[in-house]
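The values are calculated or read from the model by the stated rules, or taken from the named source; none is laboratory data. Nothing here was measured: the structure is a model prediction, and the numbers come from that model. A quick note on method: Cβ atoms are made from the backbone with ideal geometry, for glycine too, and the neighbour counts reach across all protein chains shown. To get the accessible areas, we keep the full protein, side chains included, count just its heavy atoms, and leave off ligands, DNA and RNA. Shrake-Rupley method; radii C 1.70, N 1.55, O 1.52, S 1.80 Å.
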Amino acid sequence: MSTNGISAALKLQFGLINHENRYLTAEAFGFKINASGNSMKKKQIWTLEQDPDSQVVFLRSHLGRYLSSDKDGKVRCEEEVPNTDCRFLIVMQSDGRWALQSEPYLRYFGGSEEYLSCFAQTIGESELWALHLALHPQANLLSVARKRYAHLSTQEDEISMDSNIPWGVDSLITLVYLEGKYSLKTCDNRFLKNDGKLVMEHGPNTSFTLELKSGKLAFKDCEGKYLSPNGPTGTLKSGRCTRPGKDELFDLEESHPQVVFQAANKRYVSIRQGVCISANQDDETDMETFQMEIDKETKKCMFRTNGGNYWTLVTHGGILSSATEIEENTMFDIEWLGRRIALKASNGKYVCTKKNGQLAAVSDSLGEDEQFVLKLINRPILVLRGENGFVCHHKNSNTLHGSRSFYDIFTLLFSDGGYQIKSGNQKFWYVSSSGLVCTDGDKPEDFFFEFVEYGRVGIKAQNGKYLRGDQGGTLMGDGLSVNASSLWEH
């Protein structure tokens, strides 16, 4: 998917729900497929790949195999490389559901439970599939036509599509999935109505059907009109179109963590004075905000400015925001010290705050001047997804599930290097003496976020253990290390 160059567009991953409210499932054994899944877990997640030269799509399972249909309508999911039989067309219906048509044989895919085929000549109920996005629902929204990002404009009290870059908390959009439709939620917990107004209450005018066109997303409202940017500020609201054109198409891009640093001198690290990076400011603006981008291979971190440059190590240990490309000198190791962090540059030295506030990688050992408070600023509302699914409340208890296909939204509060997590009932998370993560605390308890992998965070409780999902899906606070069960998309 083409992007504005800030971040790669997210690959579209989703579940497909049939007329019996069951998910299309790719079994690990024998590459068999069925429509028996009750919820969206790993086996029910499919990745859409778009043929660049046509409307043809390929559907890839969690095992990396492609859905295919032969001339007799027999469906399989065995191909490691897509061939002619793997070519499908999406036929959008007015209610947002899909029919999947085999491109070479022009038959439609459908059925129920174990009995799936691609032999129907017409579209009936059993050939219709509803789309349930499996992406992490917090992202940046890019207008394909304007090549501008959505952000909450407090001045205009609207979502405006006029940002060159998705910077700061205002650019965070959360997709809320309810009863087969999607709503757009701003960072201050308000829903977008189809007339462009922002409201606290969810209703028919805040619900949109998600449609797909050429690998891009379109949002259709309850009156059959589509969201698009309007006017000079790109006010996001429904226009007049009843069919999506380029103006009505959007990409979702990954929302990287954006942070501010407070040095030992209690000042914020800033680039307000130019390329020199110095801890010399008393307030947080875009100039004090840096985007953390973690390298997938080395797990080292790059820090990007709102101008698009990276922090880099220069001669004599100096740190400047002058690099335009990622290289060895732009990579830093982060040491997680509870309420504080330390940074080590590519020369093996710790970054310290000099007397004049400038940062320099010149220290061999760790002291007060080598420590920083790191504050995450673009997740005031939090959605967590682990290896088996999303975190949400248990229905009849004060504990949490860590493996659901739907999610709850939590409030994140910062406190001197720690974070407090608040549930919808205005109570706080805490870890009980038995290691359960509970949600009915009257007093806030601090958790410590460690951004150790690309797109994932380890969350350490006050007991020094990590939050993890156990085999039964319950969220526990007893993990001994950061591993697959204790890493969370955020």
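Does any residue of the stretch 308-321 turn out to be touching a Phe, Trp or Tyr at 6+ places or on another chain (Cβ under 9 Å), modelled with pLDDT under 95 and either of a type in the set (A, V, I, L, M) or open to solvent by 20 Å² or more (accessible area, probe 1.4 Å) (or both)?
Within the stretch 308-321 (the criterion being touching a Phe, Trp or Tyr at 6+ places or on another chain (Cβ under 9 Å), modelled with pLDDT under 95 and either of a type in the set (A, V, I, L, M) or open to solvent by 20 Å² or more (accessible area, probe 1.4 Å) (or both)), the answer is no, since none of the residues qualifies.
For the stretch 446-490, give me the residue count where each residue is of a type in the set (A, V, I, L, M, F, W, C), more than 25 Å from PHE332 (Cβ to Cβ) and in a strand (DSSP E or B). Quick ask: steps written out before the conclusion?
First, pick out the residues of the stretch 446-490 that are of a type in the set (A, V, I, L, M, F, W, C): 447-449, 451-452, 457, 459, 461, 467, 475-476, 480, 482, 484, 487-488.
Filter once more, keeping what is more than 25 Å from PHE332 (Cβ to Cβ): 461, 467, 475-476, 480.
Now restrict to residues that are in a strand (DSSP E or B): 467, 475-476.
Of the residues in the stretch 446-490, 3 are of a type in the set (A, V, I, L, M, F, W, C), more than 25 Å from PHE332 (Cβ to Cβ) and in a strand (DSSP E or B).
Give the residue, chosen from ASP51, ASP95, that is of a type in the set (Asp, Glu), under 23 Å from TYR182 (Cβ atoms) and under 31 Å from the mean Cα position of the chain (by Cα).
The match here is ASP95.
Given the residues GLN55, GLN138, GLN93, which is the only one that is at pLDDT below 95, surrounded by fewer than 17 Cβ atoms within 10 Å (Cβ to Cβ) and under 30 Å from ILE165 (Cα atoms)?
The match here is GLN55.
Got a sec? Which of SER403, SER346 is in contact with a Phe, Trp or Tyr (Cβ under 9 Å, 6 or more places away or on another chain) and either part of a strand (DSSP E or B) or open to solvent by less than 10 Å² (accessible area, probe 1.4 Å) (or both)?
SER403
Could you tell me whether the stretch 456-471 includes any residue that is under 23 Å from the mean Cα position of the chain (by Cα), closer than 21 Å to GLN138 by Cα and open to solvent by 70 Å² or more (accessible area, probe 1.4 Å)?
Checked the stretch 456-471: at least one residue is under 23 Å from the mean Cα position of the chain (by Cα), closer than 21 Å to GLN138 by Cα and open to solvent by 70 Å² or more (accessible area, probe 1.4 Å).
Of all residues in the stretch 133-171, which are farther than 20 Å from SER238 by Cα and aliphatic (A, V, I, L, M)?
LEU133, ALA134, LEU135, ALA139, ILE165, VAL169
Kindly state which strands (runs of 3 or more DSSP E) lie completely within the stretch 118-162 and contain at least 2 residues that are touching a residue at least 12 places away in the same chain (Cβ under 8 Å) and more than 17 Å from SER255 (Cα to Cα).
Correct list: 130-133.
Have a look at THR242, THR235 and point out the one that is modelled with pLDDT of 95 or more and out of contact with any Leu (no Cβ under 6 Å at 6 or more places or on another chain). Reasoning before the result, please.
Details: THR242 fails: modelled with pLDDT of 95 or more.
Selected residue: THR235, the only one of THR242, THR235 that is modelled with pLDDT of 95 or more and out of contact with any Leu (no Cβ under 6 Å at 6 or more places or on another chain).
Scan the stretch 349-368 for residues that are open to solvent by less than 70 Å² (accessible area, probe 1.4 Å) and assigned to a strand (DSSP E or B) and jot them down.
TYR350, VAL351, CYS352, THR353, GLN358, LEU359, ALA360, ALA361, SER363
Give me the residue from the stretch 12-49 that is modelled with pLDDT under 85 and under 27 Å from ILE123 (Cβ atoms) and, out of that set, least open to solvent (accessible area, probe 1.4 Å).
So, considering only residues that are modelled with pLDDT under 85 and under 27 Å from ILE123 (Cβ atoms), the one least open to solvent (accessible area, probe 1.4 Å) is LEU12.
List the pairs whose first member sits in the stretch 80-93 and is of a type in the set (Asp, Glu), whose second member is part of a loop (DSSP other than H, G, I, E, B), and whose Cβ atoms are under 6 Å apart, counting only residues at least 6 apart or on separate chains?
Pairs that qualify, where the first residue is of a type in the set (Asp, Glu) and the partner is part of a loop (DSSP other than H, G, I, E, B), are ASP85/ASP70.
Taking LEU337, is it aliphatic (A, V, I, L, M), closer than 20 Å to ASN265 by Cβ, more than 25 Å from the chain's Cα centre (by Cα) and surrounded by fewer than 21 Cβ atoms within 10 Å (Cβ to Cβ)?
yes
Against the definition (surrounded by fewer than 21 Cβ atoms within 10 Å (Cβ to Cβ) and charged (D, E, K, R)), how does LYS185 come out, yes or no?
Considered against the rule, which asks whether it is surrounded by fewer than 21 Cβ atoms within 10 Å (Cβ to Cβ) and charged (D, E, K, R), LYS185 comes out as no.
Could we say that SER415 is in contact with a Pro (Cβ under 9 Å, 6 or more places away or on another chain) and of a type in the set (Gly, Ala, Ser) here?
Considered against the rule, which asks whether it is in contact with a Pro (Cβ under 9 Å, 6 or more places away or on another chain) and of a type in the set (Gly, Ala, Ser), SER415 comes out as yes.
Residues of the stretch 436-455 being in contact (Cβ under 8 Å) with a residue 24 or more places away in the chain, farther than 30 Å from CYS301 by Cβ and not polar (S, T, N, Q), which ones? Explain how you work it out, then say what you get.
First pass over the stretch 436-455, keeping only residues in contact (Cβ under 8 Å) with a residue 24 or more places away in the chain: 436-440, 444-455.
From what's left, farther than 30 Å from CYS301 by Cβ: 436, 438-440.
Once the filter is applied, which keeps residues that are in contact (Cβ under 8 Å) with a residue 24 or more places away in the chain, farther than 30 Å from CYS301 by Cβ and not polar (S, T, N, Q), the stretch 436-455 yields LEU436, CYS438, ASP440.
Give me a count of the residues in the stretch 68-79 that are touching a residue at least 40 places away in the same chain (Cβ under 8 Å) and either over 11 Å from TYR105 (Cβ atoms) or not polar (S, T, N, Q) (or both).
So the count comes out to 7.
Of the numbered conditions (1) farther than 29 Å from GLU453 by Cα; (2) in contact (Cβ under 8 Å) with a residue 60 or more places away in the chain, ASN230 fails exactly one; give the number of that condition.
Answer for ASN230: the failing condition is (2).
Listed residues LEU67, LEU116, LEU89, LEU100; which is in contact with a strand residue (DSSP E or B) (Cβ under 6 Å, 6 or more places away or on another chain) and closer than 30 Å to VAL391 by Cα?
Being in contact with a strand residue (DSSP E or B) (Cβ under 6 Å, 6 or more places away or on another chain) and closer than 30 Å to VAL391 by Cα holds for just one of LEU67, LEU116, LEU89, LEU100, which is LEU67.
Looking at the stretch 377-400 only, could you name the residues that are outside any strand (DSSP E or B) and among the hydroxyl-bearing types (Ser, Thr, Tyr)?
SER397 - this is the single residue of the stretch 377-400 that is outside any strand (DSSP E or B) and among the hydroxyl-bearing types (Ser, Thr, Tyr).
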